[in-house]
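J.: Structure provided below as C-alpha coordinates; questions to follow.
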Amino acid sequence: MAKESVKVEQRLYLITPPVLEPAVFAEDLKKALGAGDVACLQLRLKDGEQTASDNALRRATEALLPICHEYDVALLINDRPDLAIKFGADGVHVGQEDASYEEARRILGPDRIVGVTCHDSRHLAMEAAEAGADYVAFGAFFATDTKQPKTRAEPDLIAWWADLMEVPCVAIGGITVENCPVLIEAGADFLAVSAGVWRHPEGPAEAVKAFNRAIAKHGRR
(Lines give C-alpha, C1' and ligand atoms only; values in the text may rest on other atoms or scores of the structure.)
Protein backbone atom coordinates (compact mmCIF):
# COMPACT_ATOMS: atom_id res chain seq x y z
CA MET A 1 0.00 0.00 0.00
CA ALA A 2 1.45 3.34 -1.02
CA LYS A 3 1.94 5.95 1.64
CA GLU A 4 0.02 8.45 -0.50
CA SER A 5 -3.11 6.56 0.57
CA VAL A 6 -3.22 8.57 3.81
CA LYS A 7 -2.44 11.93 2.19
CA VAL A 8 -5.84 13.44 1.60
CA GLU A 9 -7.74 16.11 3.44
CA GLN A 10 -9.15 15.56 6.92
CA ARG A 11 -9.75 11.94 7.73
CA LEU A 12 -10.08 9.62 10.70
CA TYR A 13 -6.98 7.86 12.08
CA LEU A 14 -7.74 4.99 14.47
CA ILE A 15 -5.53 3.76 17.29
CA THR A 16 -6.10 0.32 18.78
CA PRO A 17 -6.90 -0.17 22.45
CA PRO A 18 -3.70 -0.74 24.46
CA VAL A 19 -4.74 -4.32 25.24
CA LEU A 20 -6.69 -6.54 22.88
CA GLU A 21 -7.38 -10.11 21.85
CA PRO A 22 -6.74 -10.13 18.09
CA ALA A 23 -9.58 -12.45 17.09
CA VAL A 24 -12.13 -10.51 19.14
CA PHE A 25 -10.87 -7.06 18.16
CA ALA A 26 -10.85 -8.08 14.49
CA GLU A 27 -14.66 -8.18 14.55
CA ASP A 28 -14.87 -4.66 16.01
CA LEU A 29 -12.37 -3.46 13.41
CA LYS A 30 -14.44 -4.87 10.56
CA LYS A 31 -17.50 -3.04 11.85
CA ALA A 32 -15.59 0.21 12.23
CA LEU A 33 -13.91 0.13 8.82
CA GLY A 34 -17.13 -0.89 7.12
CA ALA A 35 -18.97 2.10 8.55
CA GLY A 36 -17.11 4.96 6.89
CA ASP A 37 -13.86 6.52 5.77
CA VAL A 38 -10.74 5.69 7.80
CA ALA A 39 -7.21 6.53 6.69
CA CYS A 40 -5.15 4.24 8.90
CA LEU A 41 -4.96 2.12 12.01
CA GLN A 42 -2.08 2.43 14.45
CA LEU A 43 -1.35 -0.77 16.34
CA ARG A 44 -0.42 0.46 19.80
CA LEU A 45 -0.26 -2.30 22.39
CA LYS A 46 1.09 -1.12 25.73
CA ASP A 47 0.82 -1.88 29.41
CA GLY A 48 1.53 1.53 30.83
CA GLU A 49 4.71 2.59 29.03
CA GLN A 50 5.79 -0.99 28.36
CA THR A 51 5.27 -2.10 24.76
CA ALA A 52 3.76 -5.54 24.24
CA SER A 53 5.98 -8.49 23.35
CA ASP A 54 7.12 -9.07 19.80
CA ASN A 55 4.92 -12.16 19.66
CA ALA A 56 1.82 -10.22 20.74
CA LEU A 57 2.50 -7.59 18.08
CA ARG A 58 3.03 -10.30 15.48
CA ARG A 59 -0.26 -12.02 16.33
CA ALA A 60 -2.13 -8.74 16.21
CA THR A 61 -0.57 -7.68 12.91
CA GLU A 62 -1.35 -11.03 11.29
CA ALA A 63 -4.99 -10.72 12.35
CA LEU A 64 -5.53 -7.04 11.52
CA LEU A 65 -3.40 -6.33 8.45
CA PRO A 66 -5.60 -8.29 6.00
CA ILE A 67 -8.69 -6.49 7.32
CA CYS A 68 -7.04 -3.10 6.94
CA HIS A 69 -5.98 -3.84 3.38
CA GLU A 70 -9.45 -5.11 2.50
CA TYR A 71 -10.72 -1.62 3.30
CA ASP A 72 -7.68 0.20 1.82
CA VAL A 73 -6.56 1.31 5.28
CA ALA A 74 -2.87 1.60 6.19
CA LEU A 75 -1.65 -0.31 9.26
CA LEU A 76 1.09 1.41 11.26
CA ILE A 77 2.94 -0.14 14.20
CA ASN A 78 3.74 2.11 17.14
CA ASP A 79 7.40 2.53 18.17
CA ARG A 80 8.91 -0.43 16.31
CA PRO A 81 10.20 0.12 12.76
CA ASP A 82 12.04 -3.21 12.94
CA LEU A 83 8.78 -5.08 13.47
CA ALA A 84 6.88 -2.94 10.97
CA ILE A 85 9.17 -4.08 8.17
CA LYS A 86 9.40 -7.64 9.50
CA PHE A 87 5.63 -8.08 9.71
CA GLY A 88 4.82 -6.26 6.46
CA ALA A 89 3.02 -3.28 7.98
CA ASP A 90 2.53 -0.10 5.98
CA GLY A 91 4.60 2.04 8.29
CA VAL A 92 5.46 3.11 11.80
CA HIS A 93 4.65 5.86 14.27
CA VAL A 94 7.59 6.92 16.44
CA GLY A 95 7.67 9.03 19.57
CA GLN A 96 10.43 11.30 20.75
CA GLU A 97 11.79 8.55 23.03
CA ASP A 98 11.58 5.81 20.37
CA ALA A 99 13.63 5.22 17.25
CA SER A 100 14.56 8.45 15.52
CA TYR A 101 12.90 9.43 12.27
CA GLU A 102 16.18 8.83 10.45
CA GLU A 103 16.53 5.32 11.87
CA ALA A 104 12.91 4.47 11.08
CA ARG A 105 13.30 5.71 7.51
CA ARG A 106 16.52 3.76 7.06
CA ILE A 107 14.79 0.57 8.19
CA LEU A 108 11.53 1.07 6.28
CA GLY A 109 12.85 2.62 3.08
CA PRO A 110 11.25 5.42 1.07
CA ASP A 111 7.83 3.92 0.34
CA ARG A 112 6.40 3.19 3.80
CA ILE A 113 4.84 5.70 6.17
CA VAL A 114 6.84 7.23 9.03
CA GLY A 115 4.95 9.55 11.36
CA VAL A 116 6.47 11.40 14.31
CA THR A 117 5.08 12.53 17.67
CA CYS A 118 5.86 16.20 18.23
CA HIS A 119 3.83 16.87 21.41
CA ASP A 120 3.12 20.63 21.53
CA SER A 121 6.40 21.66 19.93
CA ARG A 122 6.58 23.71 16.74
CA HIS A 123 10.33 23.18 16.70
CA LEU A 124 10.12 19.38 16.84
CA ALA A 125 7.43 19.37 14.17
CA MET A 126 9.44 21.54 11.80
CA GLU A 127 12.51 19.36 12.32
CA ALA A 128 10.50 16.21 11.56
CA ALA A 129 8.89 17.75 8.49
CA GLU A 130 12.22 18.97 7.14
CA ALA A 131 13.72 15.50 7.70
CA GLY A 132 10.97 13.96 5.57
CA ALA A 133 8.29 12.70 7.99
CA ASP A 134 5.03 11.76 6.30
CA TYR A 135 3.08 13.42 9.10
CA VAL A 136 3.61 15.09 12.46
CA ALA A 137 1.36 14.44 15.47
CA PHE A 138 0.39 17.08 18.05
CA GLY A 139 -1.28 16.56 21.41
CA ALA A 140 -2.73 15.81 23.79
CA PHE A 141 -5.60 18.19 23.11
CA PHE A 142 -7.98 16.81 25.74
CA ALA A 143 -7.80 14.65 28.83
CA THR A 144 -7.30 10.99 28.00
CA ASP A 145 -7.19 7.68 29.86
CA THR A 146 -5.50 5.85 26.97
CA LYS A 147 -2.04 7.09 27.93
CA GLN A 148 -0.46 9.62 30.27
CA PRO A 149 0.11 12.65 28.04
CA LYS A 150 3.43 14.46 28.40
CA THR A 151 2.08 17.73 27.03
CA ARG A 152 -1.15 19.57 26.35
CA ALA A 153 -1.63 21.29 23.01
CA GLU A 154 -4.08 23.95 21.88
CA PRO A 155 -6.05 24.10 18.60
CA ASP A 156 -4.18 27.23 17.51
CA LEU A 157 -1.10 25.01 17.05
CA ILE A 158 -3.04 23.04 14.44
CA ALA A 159 -4.22 26.23 12.75
CA TRP A 160 -0.67 27.61 12.62
CA TRP A 161 0.65 24.39 11.09
CA ALA A 162 -2.17 24.04 8.58
CA ASP A 163 -1.68 27.59 7.33
CA LEU A 164 2.09 27.32 6.89
CA MET A 165 3.07 23.72 6.18
CA GLU A 166 2.22 21.09 3.57
CA VAL A 167 3.19 18.05 5.67
CA PRO A 168 -0.03 16.64 7.18
CA CYS A 169 -0.66 16.92 10.90
CA VAL A 170 -2.44 14.52 13.24
CA ALA A 171 -4.37 15.71 16.30
CA ILE A 172 -4.31 13.23 19.17
CA GLY A 173 -5.43 12.92 22.77
CA GLY A 174 -8.90 12.48 24.23
CA ILE A 175 -10.71 13.25 20.98
CA THR A 176 -14.42 12.44 20.89
CA VAL A 177 -17.31 13.08 18.55
CA GLU A 178 -18.39 15.91 20.83
CA ASN A 179 -15.07 17.78 21.08
CA CYS A 180 -13.58 17.16 17.64
CA PRO A 181 -15.15 20.09 15.69
CA VAL A 182 -12.64 22.64 17.02
CA LEU A 183 -9.75 20.52 15.72
CA ILE A 184 -11.40 19.93 12.36
CA GLU A 185 -12.07 23.65 11.96
CA ALA A 186 -8.47 24.41 12.91
CA GLY A 187 -7.34 22.28 9.99
CA ALA A 188 -6.18 18.94 11.43
CA ASP A 189 -5.55 16.57 8.54
CA PHE A 190 -6.23 13.53 10.71
CA LEU A 191 -8.09 12.93 13.98
CA ALA A 192 -6.33 10.17 15.92
CA VAL A 193 -8.93 8.42 18.05
CA SER A 194 -8.86 5.38 20.31
CA ALA A 195 -11.38 5.29 23.17
CA GLY A 196 -13.64 7.74 21.31
CA VAL A 197 -14.35 4.95 18.84
CA TRP A 198 -13.81 1.66 20.68
CA ARG A 199 -15.66 2.81 23.83
CA HIS A 200 -18.38 4.77 22.06
CA PRO A 201 -21.72 3.99 23.76
CA GLU A 202 -23.31 3.04 20.43
CA GLY A 203 -20.37 0.98 19.23
CA PRO A 204 -17.41 1.57 16.91
CA ALA A 205 -19.43 1.61 13.69
CA GLU A 206 -21.68 4.41 14.91
CA ALA A 207 -18.62 6.29 16.17
CA VAL A 208 -16.93 6.16 12.76
CA LYS A 209 -20.11 7.38 11.10
CA ALA A 210 -20.39 10.24 13.59
CA PHE A 211 -16.76 11.32 13.16
CA ASN A 212 -17.15 11.34 9.39
CA ARG A 213 -20.31 13.45 9.69
CA ALA A 214 -18.37 15.90 11.86
CA ILE A 215 -15.54 16.08 9.31
CA ALA A 216 -18.02 16.68 6.50
CA LYS A 217 -19.79 19.41 8.49
CA HIS A 218 -16.81 21.27 9.94
CA GLY A 219 -14.00 20.46 7.53
CA ARG A 220 -11.98 22.70 5.26
CA ARG A 221 -12.93 20.88 2.07
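J.: How many residues are aliphatic (A, V, I, L, M) and touching a residue at least 24 places away in the same chain (Cβ under 8 Å) if we restrict to the range 78-106?
T.: Counting residues in the range 78-106 that are aliphatic (A, V, I, L, M) and touching a residue at least 24 places away in the same chain (Cβ under 8 Å) gives 4.
J.: Report, ordered by the first and then the second residue, all pairs with beta carbons closer than 6 Å, sequence separation of six or more or different chains, a first member in the range 41-55 that is of a type in the set (Val, Ile, Thr), and a second member that is not in a strand (DSSP E or B).
T.: That search, which allows pairs on different chains as well, returns THR51/ASP79.
J.: Answer yes or no as to whether LEU41 is buried (at least 23 other Cβ atoms within 10 Å of the Cβ), in contact with an Asp or Glu (Cβ under 8 Å, 6 or more places away or on another chain) and either assigned to a strand (DSSP E or B) or at pLDDT below 95 (or both).
T.: It is false that LEU41 is buried (at least 23 other Cβ atoms within 10 Å of the Cβ), in contact with an Asp or Glu (Cβ under 8 Å, 6 or more places away or on another chain) and either assigned to a strand (DSSP E or B) or at pLDDT below 95 (or both).
J.: What number of residues in the range 19-38 are within 14 Å of ALA205 (Cβ to Cβ) and either of a type in the set (D, E, K, R) or modelled with pLDDT under 95 (or both)?
T.: 5
J.: Only residues that are on the phi > 0 side of the Ramachandran plot and out of contact with any strand residue (DSSP E or B) (no Cβ under 6 Å at 6 or more places or on another chain): list them for the range 57-114, please.
T.: ASP72, GLY88, GLY109
J.: To continue, here is another question. Identify the residue in the range 1-18 that is at pLDDT 95 or above and hydrophobic (A, V, I, L, M, F, W, C) and, among all such residues, is farthest from ARG44 (Cα to Cα).
T.: Out of the qualifying residues, it is LEU12.
J.: Kindly indicate the residue of the range 169-217 that is of a type in the set (Phe, Trp, Tyr) and buried (at least 21 other Cβ atoms within 10 Å of the Cβ) and also farthest from ILE15 (Cα to Cα) among those meeting that condition.
T.: PHE211
J.: Continuing with the same structure: Every residue in the range 82-107 that is under 15 Å from the mean Cα position of the chain (by Cα) and of a type outside the set (Asp, Glu), please.
T.: ALA84, ALA89, GLY91, VAL92, HIS93, VAL94, GLY95
J.: Taking the range 91-114 as the search range and keeping residues that are among the basic types (Lys, Arg) and surrounded by 14 or more Cβ atoms within 10 Å (Cβ to Cβ), which one is nearest to LEU75 (Cα to Cα)?
T.: The selected residue is ARG112.
J.: For GLU103, which of the numbered conditions (1) closer than 25 Å to LEU124 by Cβ; (2) among the acidic types (Asp, Glu); (3) part of a loop (DSSP other than H, G, I, E, B) fails to hold?
T.: Failing condition for GLU103: (3).
J.: Take the range 56-77 and flag every residue that is free of Cβ contacts under 8 Å to residues at least 40 places away in the same chain and either touching a Pro at 6+ places or on another chain (Cβ under 8 Å) or under 17 Å from ILE15 (Cα atoms) (or both).
T.: Scanning the range 56-77 gives ALA56, LEU57, ARG58, ARG59, THR61, LEU65, PRO66, CYS68, TYR71, LEU75, LEU76, ILE77.
J.: Next question. Go through (1) touching a Phe, Trp or Tyr at 6+ places or on another chain (Cβ under 8 Å); (2) closer than 20 Å to VAL19 by Cα and name the single condition PRO168 misses.
T.: Failing condition for PRO168: (2).
J.: Can you tell me which residue in the range 121-143 is surrounded by the fewest Cβ atoms within 10 Å (Cβ to Cβ), limited to those that are in contact with a helix residue (DSSP H, G or I) (Cβ under 8 Å, 6 or more places away or on another chain) and in a helix (DSSP H, G or I)?
T.: My answer is ALA131.
J.: For ALA159, are the conditions met, namely being closer than 19 Å to GLY187 by Cβ, at pLDDT 95 or above, touching a strand residue (DSSP E or B) at 6+ places or on another chain (Cβ under 9 Å) and hydrophobic (A, V, I, L, M, F, W, C)?
T.: Taking the combined requirement at face value, the residue does not satisfy it.
The values are calculated or read from the model by the stated rules, or taken from the named source; none is laboratory data. Remember, predicted model here, so these are calculated numbers, not experimental data. Positions of Cβ are backbone-derived with ideal geometry, glycine not excepted, and every protein chain shown enters the neighbour counts.
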